[in-house]
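Heads up, the thing below is written out as C-alpha cells.
The values are calculated or read from the model by the stated rules, or taken from the named source; none is laboratory data. Only a predicted model underlies this, so the values are computations on that prediction, with no experimental measurement involved. Reconstructed Cβ throughout: ideal geometry from the backbone, glycine too, with neighbour counts over all protein chains shown. Quick note on the areas: whole protein, heavy atoms, side chains included, nothing else; ligands and nucleic acids left out. Shrake-Rupley method; radii C 1.70, N 1.55, O 1.52, S 1.80 Å.
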Amino acid sequence: MSQAVPIAVSVVVPVYNEEDSLALLGQRLHTVLAGLGRSYEIVLVDDGSTDGTWAQLQTLARTMPHLRAIRFRRNFGQTAAMSAGFEAARGDAVITLDADLQNDPADIPLLLARMDQGCDVVSGWRQHRQDPLLNRRLPSMIANALISKITGVRLHDYGCTLKAYRREVIQGIRLYGEMHRFIPALASWVGGRIEEVPVHHHARQFGASKYGLGRTFRVVLDLFTVKFLLRYSAGPMQLFGKIGASFGVPGLLMLLIMIAGNLGYHLGWHNMAEDLVKRPFWIMTAFLLIFLGVQFVSMGLLAELQIRTYHESQNKPTYVIRETLESAC
Ligand code: UDP
Ligand code: MG
C-alpha cells in the first residue's frame, strides 16, 4: 500500500463487466462518502472487462472527485482485483464492496461506526440475501458453517464483499485463489477484533453473476490451505510428523512382530510363524506403512525448510507486534 497522503477511508471495488451499474454506483458512493465528513477515495479495479466498463470508468474519472481506476490486462479474478485495490488504497479504513449494487453503499457509515468502536474487521452479513436459493444460498450456508468450524472464526456470511478493514490488518496479508473471503480468519490470526453486522442486499439489476455452484468447491479447497496456514505455517513438521508417525509406527510394530514370529519359528513356535511370516500381504503392508511414514516425515522436513526460506528471504517475522513500550526515565 502506498503511504503518500493520509486518507480516512478508501473504498475498493472489483469490477468485471459491470458497465451498466457503474454510473449509478459512482453516484451512490459519492453521496454516501461526501456525507461522512471524512477524507476518502474510491479505487475501482477493472478486472479485464470485455464490455464498456473501462470507458465508463474513464467517464466517471472525468466527473467524479477522489476516484482512481486500475485496469488489469486480463481477467485475473475477484481476489486479485481486490488485492490490487488494497495495494493502491491509502485509507486508514479500507472498505470493499461489489460493483453490481447488490451491496448497498448506504451501509458504509454503519461499518465505519463499528470500526470507530475498536473493531479491526467489520464484516457484512446479508441477512436477507437476494440470490437464488438452490445454487447460491444453500451451498453458501454449508460453506459458511464449514469455514466457521475449521477456522474457529464464526461468521454467518464469509462471502459478503461488503466489509471494512483497518489498514494495518490487511497490510501484510497476501491473497491467492479465492482467498479474499478468508481475510477475517487471517485477520484473527494477527490478533484482529472481528465483528459481523447485518447489511442490506439487493437482487442484481444489471448484468449477470460471474459465479455458479463451482465456486463453493474452490472455496472449500482454499479452506484447507487457510487452515494449514493458520495452524501449521510456523511448524509444518507438527502436522506431517503426526501423519508420518500414524503410518510408520504401526508398520514398524508389524515388522517387529513378524521378526519375532520368525525367531519364534526357529524356537519351535511353528503356528505363530505360519500366521505371520507366510503371508506376503502383511509383509508388504508393513513395508508400505513404513515407507509412507518416512515419506511424510521427509515432506515435513522439506516444508520446514520452505518455511525458513519464506520468512527469512522476506524478513517476515513469525509474529505480529501490536505496540512496544520503553521506559521514559
Ligand atoms: N468480479 C471480478 N472479477 C471476476 C468476477 C467478479 O472483479 O472474475 C467482481 C464483479 O464485477 C462484482 C464482484 O466481483 O463486482 C462480485 O461478483 P458477482 O456479483 O458476479 O458475484 P455474486 O454477487 O453473484 O456472488
Ligand atoms: Mg453480485
Task: Qualifying residue in region 309-321 (condition: open to solvent by less than 70 Å² (accessible area, probe 1.4 Å), part of a helix (DSSP H, G or I) and modelled with pLDDT under 95) - done: yes
Open item on the list: Looking at Gln130 and the list (1) at pLDDT 95 or above; (2) within 16 Å of ligand 1 (Cβ to nearest atom), which single condition is not satisfied?
Closed with: (1)
TODO: Go through (1) away from ligand 1 (no atom under 16 Å from the Cβ); (2) within 28 Å of Met115 (Cα to Cα); (3) open to solvent by less than 70 Å² (accessible area, probe 1.4 Å) and name the single condition Met254 misses.
DONE: (2)
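Among the residues of region 55-72, write down those that are open to solvent by 30 Å² or more (accessible area, probe 1.4 Å) and within 20 Å of Ala89 (Cβ to Cβ).
Passing the criteria: Ala61, Pro65, His66, Arg68, Ala69, Ile70, Arg71, Phe72.
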TODO: Considering every residue within region 124-142, establish whether at least one is touching an Asp or Glu at 6+ places or on another chain (Cβ under 8 Å), more than 16 Å from ligand 2 (Cβ to nearest atom), over 28 Å from Val32 (Cα atoms) and not hydroxyl-bearing (Ser, Thr, Tyr).
DONE: no
- [ ] Could you tell me whether region 73-82 includes any residue that is open to solvent by 60 Å² or more (accessible area, probe 1.4 Å) and away from ligand 1 (no atom under 16 Å from the Cβ)?
- [x] no
Open item on the list: Pairs needed: first member in region 6-34, within 16 Å of Lys210 (Cβ to Cβ); second member anywhere, of a type in the set (S, T, N, Q) and away from ligand 1 (no atom under 13 Å from the Cβ); C-beta distance under 9 Å; at least 6 residues apart or different chains.
Closed with: Leu22/Thr59
